[in-house]
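Written below as structure tokens is the structure these notes are about.
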Amino acid sequence: MSVTINTNFDENLVTHLSNVKKEPEWMLDIRLKALEVYKQLPIPRFEKTRIDKWNIDQFEFFIDEGDEGNQVDIPEDIRSMIDVNTENRSVIIQRNSALVHHYLPKSLGDQGVIFTTLDNALQEYPDLVKKYFMNAVKFDENKLTALHAALWNGGVFLYVPKNVEIEFPLQSVYLAEKAGLLPHVLIIAETNSNLTFVDYRFSTDHNVSYIHNGVVEVYVGEGARVRFATVHNFNKNSYDYSYRRAIVKRNGRIEWVMGEMNFGNTISNNTSLLKDSAASADIKSIFIGTGRQKADLESKVIHEGDHTESKILSRGIMLDQATAIFNGITKMEKGAVKSNAEQAENILMLSKEARGDANPILLIDEHDVMAGHAASAGPVNQNDIYYLMSRGIPKDEAERLIIHGFLASVVSRIPIEGLQEQLEKLIERKLKR
Amino acid sequence: MSQPKLTIEDLQVSVEGKKILKGLSLEIKGGEVHAIMGPNGTGKSTLASTLMGHPKYKVESGSVTLNGENVLEMATDERARKGIFLAMQYPSEISGVTNADFLRSAINARRGEGNEISLIKFVREMEKKMSFLEMKESFAQRYVNEGFSGGEKKRNEILQMMMLKPQIAILDEIDSGLDIDALKVVAKGVNEMKGPEMGVLVITHYQRLLNYIKPDYVHIMMQGRIVRSGGPELAEKLEAEGYDWIKEELGIEDETVSQRS
Ligand SMILES: Nc1ncnc2c1ncn2[C@@H]1O[C@H](COP(=O)(O)OP(=O)(O)OP(=O)(O)O)[C@@H](O)[C@H]1O
Ligand SMILES: [Mg+2]
């Protein structure tokens, strides 16, 4: 078992990064501890995906300054996405790790909502950040999370106070130009608050080999409701390592909607912890495998509280020589009485050379629960095609309708029309090539 | 449009190497209603699927023409665009595709590129037909047949027929699983469409449907062929007496297709 590291990632670099950002002492402390863990741990092992040969850390680290107000580089389709609702526009756009745009309606600020970069939050609300940062995802979980904690750079902080309900989605957009991206998103939804968050990450250069190592932490308070929708779109030379976690308190609800639209290798790990009574989680994700892409996609729900509920729906379409593992994990802890969980992983196999593995896993330590799962993998149903053709629809159009329909239950849940269109375009691109 | 004509001559069909239709001939013209009755497993749905071009059914010999054109050379979608419609015994469920999108694609496929139906016109037409069939408006936005009850699926088949305006409509057990009110609605849909521009082939087990959709001809199918044809009185006789008398007359012991011929 060999341990590889990037020797440029050392104490000096980490200290310099933290100093430039004028971070509090404790943050530097976390970074340095995490750096040690990163150096010591081997590349993590996934049950069915070997990532030994994947690039996790061979990239040049950068520290850049913000250039807020610089409009020139915002691509047209991103503009159409964020401009839909000018009055309520709540957007943070980052290029690499730097802030380039920030809008927040005054009405939200007046209600105590904080929506800013994580860097800025560290300056203005250090105690809040300290309480939650790397709490749902632990820095010493594995080499990837350790690297993230040591070098995180850029990201967003969102705090929604008690009883505040935000009707329109808050957005964050990440344009990647440089190779290494390590944004950290921290969302805190206090008791009975309600919010929708949209997160879009994409690479702008087709030749750069990106490494994205991102963490999202969502803390859902009692009776609060959070919908987090994300689309990732990194090029075929890139590696995407994403850890997303939610901790949900009593009566709270987390909804994840994930469009895994990368063209490169992807590790996506999503976990919701239902801590208390009547908490619930709904996880929907889609993936389209193309080229020689490899992906390991895991959705997990841990039921600790009684009367907790969860639903996992993962849908994948496999083309070319792509390989993907879809893990659905439902864990019922002792005491999760009268809890209810359902999960389904469905894969459409559109190429004989592609591989798709659906693994529903139920881990049950409490007898008084309901847990169900369904998994399928196979080609488009010929009878369905025949049915559409019998109404005059040509075969390729029939296939197209069925394939899009297969993804519709997830796509239709994307809260912003502009992002939905973006996602549909990506789907078209991936399916046609 | 001139009066359509579907001609089936000496049709022999096998599925997975097993001969099912063993020489079937039938002619259906616009304005006519033909009913095919017959015990289970005698090849009725096989005939319907073969006319629609289901890939599993292999035509061994015989011919099918629509207005003189060779139907057997056409793929399923082309047959549909030429005017053949099949209301299926077991319609598929298509997840994620709304009824409205599905029907609009179907209509536009038939109209061809550059001649698409305008959205407003389509919506109006669909609403009109749905209310005629007493379907809730929400069905336009529901996914095709997903979670529909048996009766709702059948109604949805008739909605498609009304929207697509076929020349030859084949209805395979459109009455199965329908309560009496739904049956009347479905029959109302068919009767609304009936006329010199459309011929109808109804496959059913029950005389009851034929009280509402009046057939001009009734055919009895056994062992993969039509063994007797007559008028509506034939259906009444079957309802009253069953199939034994005709089996006796013809000396048939096993009426299904599994019997060796
Ligand atoms: N796709 C198929 N694969 C295998 N066997 C088939 C297939 N389709 C039809 N058959 C067989 O052909 C015979 C005739 O079937 P068909 O469905 O045409 O009967 P039917 O007259 O419509 O019966 P029912 O009244 O029960 O609907 C049966 O023995 C059936 O099992
Ligand atoms: Mg049948």
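The values are calculated or read from the model by the stated rules, or taken from the named source; none is laboratory data. The model shown is predicted, which means the values in this text are computed figures rather than measured ones. Using ideal geometry, Cβ is built from the backbone for each residue, glycine included, and neighbour counts are taken over all protein chains shown. All accessible areas refer to the heavy atoms of the entire protein, side chains included, with ligands and DNA or RNA removed. Shrake-Rupley method; radii C 1.70, N 1.55, O 1.52, S 1.80 Å.
Could you give every pair whose Cβ atoms fall below 7 Å, whose first residue belongs to the stretch B:132-154 and is without any contact (Cβ under 8 Å) to a residue 24 or more places away in the chain, and whose second residue is open to solvent by less than 40 Å² (accessible area, probe 1.4 Å), counting only separations of at least 6 or pairs across chains?
Cβ pairs passing all conditions: B:E137/B:M130.
Does B:L164 fit the bill of being more than 13 Å from chain A (Cβ to nearest Cβ), out of contact with any Asp or Glu (no Cβ under 8 Å at 6 or more places or on another chain) and open to solvent by less than 20 Å² (accessible area, probe 1.4 Å)?
Judged against the criteria, B:L164 is not a match.
So which residues in the stretch B:185-205 are open to solvent by less than 50 Å² (accessible area, probe 1.4 Å) and either away from ligand 1 (no atom under 16 Å from the Cβ) or of a type in the set (K, R) (or both)?
Once the filter is applied, which keeps residues that are open to solvent by less than 50 Å² (accessible area, probe 1.4 Å) and either away from ligand 1 (no atom under 16 Å from the Cβ) or of a type in the set (K, R) (or both), the stretch B:185-205 yields B:V185, B:V186, B:A187, B:G189, B:V190, B:M193, B:G195, B:M198, B:G199, B:V200.
What's the number of the condition A:D110 fails, among (1) touching a residue at least 40 places away in the same chain (Cβ under 8 Å); (2) open to solvent by 10 Å² or more (accessible area, probe 1.4 Å)?
Against the list (1) touching a residue at least 40 places away in the same chain (Cβ under 8 Å); (2) open to solvent by 10 Å² or more (accessible area, probe 1.4 Å), A:D110 comes up short only on (1).
Cβ-Cβ below 7 Å, separation at least six or inter-chain, first residue in the stretch B:70-96 and closer than 20 Å to A:R400 by Cα and within 16 Å of ligand 2 (Cβ to nearest atom), second open to solvent by less than 40 Å² (accessible area, probe 1.4 Å) and aromatic (F, W, Y): which pairs?
Here the result reads B:P91/A:Y387; B:S92/A:Y387, each pair linking the stretch B:70-96 to a residue that is open to solvent by less than 40 Å² (accessible area, probe 1.4 Å) and aromatic (F, W, Y).
Assess whether B:E78 counts as being modelled with pLDDT of 95 or more and either under 17 Å from the mean Cα position of the chain (by Cα) or more than 14 Å from chain A (Cβ to nearest Cβ) (or both).
yes
When you look at B:G114, is it away from ligand 2 (no atom under 16 Å from the Cβ), away from chain A (no Cβ under 14 Å) and part of a loop (DSSP other than H, G, I, E, B), yes or no? Break it down into steps so the answer makes sense when it comes.
Details: away from ligand 2 (no atom under 16 Å from the Cβ): yes; away from chain A (no Cβ under 14 Å): yes; part of a loop (DSSP other than H, G, I, E, B): yes.
Here the answer is yes, as B:G114 does meet what is asked.
Restricting to the stretch B:167-184, what's the tally of residues that are in a helix (DSSP H, G or I) and either surrounded by fewer than 19 Cβ atoms within 10 Å (Cβ to Cβ) or within 16 Å of ligand 1 (Cβ to nearest atom) (or both)? Before you say what the answer is, go through the steps one by one.
Here is the first cut: in the stretch B:167-184, the ones in a helix (DSSP H, G or I) are B:180-184.
Of the ones still in play, those that are also either surrounded by fewer than 19 Cβ atoms within 10 Å (Cβ to Cβ) or within 16 Å of ligand 1 (Cβ to nearest atom) (or both) are B:180-181, B:184.
The qualifying residues number 3.
Go through the stretch B:81-97 and report how many residues are open to solvent by 20 Å² or more (accessible area, probe 1.4 Å), more than 8 Å from every other protein chain (Cβ to nearest Cβ) and touching a helix residue (DSSP H, G or I) at 6+ places or on another chain (Cβ under 7 Å).
1
Any chance you could count how many residues in the stretch B:21-36 are within 12 Å of ligand 1 (Cβ to nearest atom) and surrounded by fewer than 20 Cβ atoms within 10 Å (Cβ to Cβ)? Full working, then the answer.
Kept after step one, since they are within 12 Å of ligand 1 (Cβ to nearest atom), are these residues of the stretch B:21-36: B:21-22, B:24, B:36.
If we keep only those that are surrounded by fewer than 20 Cβ atoms within 10 Å (Cβ to Cβ) as well, we get B:22.
Adding up the residues that qualify gives 1.
So B:G41 ticks every box in (1) under 29 Å from B:K237 (Cα atoms); (2) small (G, A, S); (3) modelled with pLDDT of 95 or more; (4) within 16 Å of ligand 1 (Cβ to nearest atom) but one. Which box is left unticked?
Only one criterion is unmet by B:G41, namely (3).
Restricting the first residue to the stretch B:171-182 and requiring it to be within 14 Å of chain A (Cβ to nearest Cβ) and in contact (Cβ under 8 Å) with a residue 40 or more places away in the chain, which pairs with a second residue that is part of a helix (DSSP H, G or I) and within 13 Å of ligand 1 (Cβ to nearest atom) meet a Cβ separation below 6 Å and a spacing of at least six or different chains?
That search, which allows pairs on different chains as well, returns B:D172/B:S45; B:D172/B:A48.
For the stretch A:239-256, does any single residue satisfy the condition of being modelled with pLDDT of 95 or more, more than 30 Å from A:S339 (Cα to Cα) and of a type in the set (D, E, K, R)?
Of the residues in the stretch A:239-256, the ones modelled with pLDDT of 95 or more are A:239-256.
Imposing the further condition that a residue be more than 30 Å from A:S339 (Cα to Cα) reduces the set to A:239-241.
Now drop any that are not of a type in the set (D, E, K, R), which leaves A:240.
The answer is yes; a qualifying residue exists.
A quick yes/no check of all residues on (1) without any contact (Cβ under 8 Å) to a residue 60 or more places away in the chain; (2) within 16 Å of ligand 2 (Cβ to nearest atom):
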site	(1), (2)
B:V185	yes, no
B:K188	yes, no
B:I203	no, yes
B:L210	no, no
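Within the stretch A:176-224, take every residue that is assigned to a loop (DSSP other than H, G, I, E, B) and crowded, with 21+ Cβ neighbours inside 10 Å and give me the one that is modelled with the lowest pLDDT.
Initially, the stretch A:176-224 is screened for residues assigned to a loop (DSSP other than H, G, I, E, B), giving A:177-179, A:183, A:190-193, A:204-210, A:221-224.
Within this subset, residues satisfying the condition of being crowded, with 21+ Cβ neighbours inside 10 Å are A:179, A:183, A:193, A:210, A:221, A:224.
Numbers: A:A179: 87, A:P183: 97, A:S193: 98, A:Y210: 93, A:G221: 98, A:A224: 98.
It comes out as A:A179.
Can you pull out every residue in the stretch B:6-20 that is closer than 18 Å to B:L201 by Cα and either open to solvent by less than 10 Å² (accessible area, probe 1.4 Å) or within 13 Å of ligand 1 (Cβ to nearest atom) (or both)?
Correct list: B:L6, B:I8, B:L11.
What about A:V411, is it in contact with an Asp or Glu (Cβ under 9 Å, 6 or more places away or on another chain) and under 18 Å from A:I286 (Cβ atoms)? I'd like the intermediate steps shown before the answer.
Details: in contact with an Asp or Glu (Cβ under 9 Å, 6 or more places away or on another chain): yes; under 18 Å from A:I286 (Cβ atoms): yes.
Judged against the criteria, A:V411 is a match.
Per-residue answers, yes or no, for (1) within 14 Å of chain A (Cβ to nearest Cβ); (2) surrounded by fewer than 17 Cβ atoms within 10 Å (Cβ to Cβ); (3) without any contact (Cβ under 8 Å) to a residue 24 or more places away in the chain; (4) away from ligand 2 (no atom under 16 Å from the Cβ):
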| site | (1), (2), (3), (4) |
| --- | --- |
| B:G38 | no, no, no, no |
| B:S49 | yes, no, no, no |
| B:H54 | yes, no, yes, no |
| B:V64 | no, no, no, yes |
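So that you can scan it fast, the table gives a plain yes or no per residue for (1) within 14 Å of another protein chain (Cβ to nearest Cβ); (2) in contact with a Pro (Cβ under 8 Å, 6 or more places away or on another chain); (3) open to solvent by less than 60 Å² (accessible area, probe 1.4 Å):
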site: A:L348; (1), (2), (3): yes, yes, yes
site: A:A354; (1), (2), (3): no, no, yes
site: A:L363; (1), (2), (3): no, no, no
site: A:V369; (1), (2), (3): no, no, yes
site: A:G372; (1), (2), (3): no, no, yes
site: A:A375; (1), (2), (3): no, yes, yes
site: A:A398; (1), (2), (3): yes, no, yes
site: A:F406; (1), (2), (3): yes, no, yes
site: A:P415; (1), (2), (3): no, yes, yes
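Just checking: which of the helices (runs of 4 or more DSSP H) contained wholly in the stretch A:112-175 hold 1 or more residues that are touching a Ser or Thr at 6+ places or on another chain (Cβ under 8 Å)?
Hits in the stretch A:112-175: A:118-124.
Tell me, yes or no, whether the stretch B:126-149 has at least one residue that is at pLDDT below 95, of a type outside the set (A, V, I, L, M, F, W, C) and within 16 Å of ligand 1 (Cβ to nearest atom).
No: the stretch B:126-149 contains no residue that is at pLDDT below 95, of a type outside the set (A, V, I, L, M, F, W, C) and within 16 Å of ligand 1 (Cβ to nearest atom).
Taking B:N108 as the residue in question, decide whether it is part of a helix (DSSP H, G or I), within 14 Å of another protein chain (Cβ to nearest Cβ) and surrounded by fewer than 18 Cβ atoms within 10 Å (Cβ to Cβ).
Values: part of a helix (DSSP H, G or I): yes; within 14 Å of another protein chain (Cβ to nearest Cβ): yes; surrounded by fewer than 18 Cβ atoms within 10 Å (Cβ to Cβ): yes.
So B:N108 fits the description; yes.
Taking the stretch A:1-23 as the search range and keeping residues that are open to solvent by 70 Å² or more (accessible area, probe 1.4 Å) and in a loop (DSSP other than H, G, I, E, B), which one is modelled with the highest pLDDT?
Quick first cut of the stretch A:1-23, residues open to solvent by 70 Å² or more (accessible area, probe 1.4 Å) only: A:1-2, A:7-8, A:11-12, A:16, A:19, A:22.
Now narrow it down to the ones that are in a loop (DSSP other than H, G, I, E, B): A:1-2, A:7-8, A:22.
Numbers: A:M1: 51, A:S2: 59, A:T7: 87, A:N8: 89, A:K22: 94.
Among residues in the stretch A:1-23 that are open to solvent by 70 Å² or more (accessible area, probe 1.4 Å) and in a loop (DSSP other than H, G, I, E, B), the one modelled with the highest pLDDT is A:K22.
Yes or no: the stretch B:125-141 includes at least one residue that is over 21 Å from B:K82 (Cβ atoms), facing another protein chain (nearest Cβ under 10 Å) and open to solvent by 20 Å² or more (accessible area, probe 1.4 Å).
No, because not a single residue in the stretch B:125-141 is over 21 Å from B:K82 (Cβ atoms), facing another protein chain (nearest Cβ under 10 Å) and open to solvent by 20 Å² or more (accessible area, probe 1.4 Å).
Assess whether B:T76 counts as being buried (at least 17 other Cβ atoms within 10 Å of the Cβ) and touching a strand residue (DSSP E or B) at 6+ places or on another chain (Cβ under 7 Å).
On the way: buried (at least 17 other Cβ atoms within 10 Å of the Cβ): yes; touching a strand residue (DSSP E or B) at 6+ places or on another chain (Cβ under 7 Å): no.
So B:T76 does not fit the description; no.
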